[in-house]
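Remarks on the structure that follows.
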Amino acid sequence: MNGAKRERISLLAFSFTDCALKERLADRLCSVYGRWLGGFRTRELREGRARSGFEVEALGGERALLASKALVSPVAFNKYGVSLPALEVTALRALEEAAGAGRALLFDELGPMALLSPEFSARAVELLFSGRPCVVFFRRGAKQFEDAFSKMADTVIIELAPESWAEAVAASQAFMDRAVAAMENPK
């Protein structure tokens, strides 16, 4: 990607299949740029080797059960009951607070469960198109997100895989360094 294109990026998206690699990059971003990032993380819940669900965590704040095989809910995705309040209260509040504080936004991760909440989805779209710096993780193969992000101006999509790790780290650092410089020296 050329330097002029890099300067105009407002959304950096990572498609992934390897959750551990996604966690590693998200952890790195949060530890290095936590002061300038706001938003939410999505983490797998495991019982032994088996995934039992997911939780959503506001950066620097509360956690909520997002989905679980044991959760009884009128809303479901595959074998998981889904808690819409986890999206609409915990994740959305974290995004709103970050946007209000002028921070870069972290969406970790956008997927089919996020689409189950019209309230969350509508506001997430507004924030993604706001021009505010956004870092997004989404699962490879999520056609809706791949298509949408590929059509958005000022967006770069990087496939997060072991062979592209160095590119992903360099791109995320350059993206956040530019975002931090803009936040610290507004025009």
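The values are calculated or read from the model by the stated rules, or taken from the named source; none is laboratory data. Keep in mind it's a predicted model, so treat the numbers as computed, not measured. FYI the Cβ positions are ideal-geometry reconstructions off the backbone, even for glycines, and counts take in every protein chain you see.
Restricting to the range 45-72, count the residues that are under 20 Å from L92 (Cα atoms) and surrounded by fewer than 16 Cβ atoms within 10 Å (Cβ to Cβ).
So the answer is 4.
Could you run through the range 131-183 and say how many residues are modelled with pLDDT under 90 and not in a helix (DSSP H, G or I)?
Number of matching residues: 8.
A166 - would you say it is in contact with a strand residue (DSSP E or B) (Cβ under 7 Å, 6 or more places away or on another chain) and exposed (fewer than 15 other Cβ atoms within 10 Å of the Cβ)?
no
Residues are listed down the side, and each one gets a yes or a no for (1) under 15 Å from A58 (Cβ atoms); (2) of a type in the set (V, I, T); (3) surrounded by fewer than 16 Cβ atoms within 10 Å (Cβ to Cβ):
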{"residue": "T90", "(1), (2), (3)": "yes, yes, no"}
{"residue": "A99", "(1), (2), (3)": "yes, no, no"}
{"residue": "R103", "(1), (2), (3)": "yes, no, no"}
{"residue": "F107", "(1), (2), (3)": "yes, no, no"}
{"residue": "A153", "(1), (2), (3)": "no, no, yes"}
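So, in the range 76-107, how many residues would count as being of a type in the set (A, V, I, L, M, F, W, C), closer than 24 Å to A179 by Cβ and out of contact with any strand residue (DSSP E or B) (no Cβ under 7 Å at 6 or more places or on another chain)?
The number of residues fulfilling the criteria is 1.
Are there any pairs with C-beta distances below 7 angstrom linking a residue in the range 11-26 that is within 26 Å of E126 (Cα to Cα) and assigned to a helix (DSSP H, G or I) to a residue that is at pLDDT 95 or above and among the basic types (K, R), with the two at least 6 apart or on different chains, and if so which?
A26/R41
Find all pairs meeting these conditions: Cβ atoms under 7 angstrom apart; at least six residues apart or on different chains; first residue within the range 37-62 and modelled with pLDDT of 95 or more; second residue of a type in the set (A, V, I, L, M) and surrounded by fewer than 13 Cβ atoms within 10 Å (Cβ to Cβ).
Hits for this filter: G38/A101.
Filter the range 159-182 down to the residues that are without any contact (Cβ under 8 Å) to a residue 24 or more places away in the chain and closer than 18 Å to S15 by Cα and list them by number.
E163, S164, A166, E167, A170
If I filter the range 27-44 down to residues being in contact with a helix residue (DSSP H, G or I) (Cβ under 9 Å, 6 or more places away or on another chain) and in a helix (DSSP H, G or I), which single residue comes out as surrounded by the fewest Cβ atoms within 10 Å (Cβ to Cβ)?
Result: R35.
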